[in-house]
Amino acid sequence: MTTSTKTITLEQPSSWDSWIFVIKSIADGGDAWKYINPSLEQEPVIPRRPTPPLAQDINKAVSSVVSLQAAELERYKVLLAQYCEQLASMKQVLNMIQTV
């Protein structure tokens, strides 16, 4: 992934309100404002990649997904779908943080 950096210099303090409004609007759209809000008292924890589910999360006795029973496999599919949603959300936030 290629990233670029743009330096923005506000020419006068009165430009701040307009500039921060635009940045907040963009960041809110990507659920990233809570990570870049300059008014935060503490630096937020940036989201990390979620852990993918394992067959052992469903049944400790199996060594792979192919060993799961039908009901266990359905539970695994639910966990996998949740993982994919969390991963997509994390990627969206990180991309938005890099964008603004």
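At-a-glance table
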read-out: Residue that is most open to solvent (accessible area, probe 1.4 Å) [pool: residues in the range 54-77 that are assigned to a loop (DSSP other than H, G, I, E, B) and not β-branched (V, I, T)]; value: K60
read-out: Criterion violated by E85 - all others in (1) open to solvent by less than 100 Å² (accessible area, probe 1.4 Å); (2) without any contact (Cβ under 8 Å) to a residue 12 or more places away in the chain; (3) within 13 Å of the chain's Cα centre (by Cα) satisfied; value: (1)
read-out: Count of residues meeting criterion [assigned to a loop (DSSP other than H, G, I, E, B) and either within 25 Å of L87 (Cα to Cα) or within 22 Å of the chain's Cα centre (by Cα) (or both)] in the range 1-53; value: 25
read-out: Number of the condition not met by Q12 [criteria: (1) modelled with pLDDT of 90 or more; (2) exposed (fewer than 12 other Cβ atoms within 10 Å of the Cβ)]; value: (1)
read-out: Cross-chain or 6+ apart pairs with Cβ under 8 Å, the range 1-12 first and under 23 Å from Q92 (Cα atoms), then open to solvent by 100 Å² or more (accessible area, probe 1.4 Å) and modelled with pLDDT of 75 or more; value: T3/Q98
read-out: Residues of the range 24-53 classified as surrounded by fewer than 13 Cβ atoms within 10 Å (Cβ to Cβ) and either among the basic types (K, R) or at pLDDT 95 or above (or both), total; value: 5
read-out: Pair list, Cβ under 8 Å, 6 or more apart: the range 20-43 residue of a type in the set (V, I, T), other residue open to solvent by 60 Å² or more (accessible area, probe 1.4 Å) and part of a loop (DSSP other than H, G, I, E, B); value: I20/P38
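The values are calculated or read from the model by the stated rules, or taken from the named source; none is laboratory data. What you see is a predicted model; the values in this text were computed from it and never measured. Reconstructed Cβ throughout: ideal geometry from the backbone, glycine too, with neighbour counts over all protein chains shown. Ligands, DNA and RNA are excluded from the accessible area calculation, which covers all protein heavy atoms including side chains. Shrake-Rupley method; radii C 1.70, N 1.55, O 1.52, S 1.80 Å.
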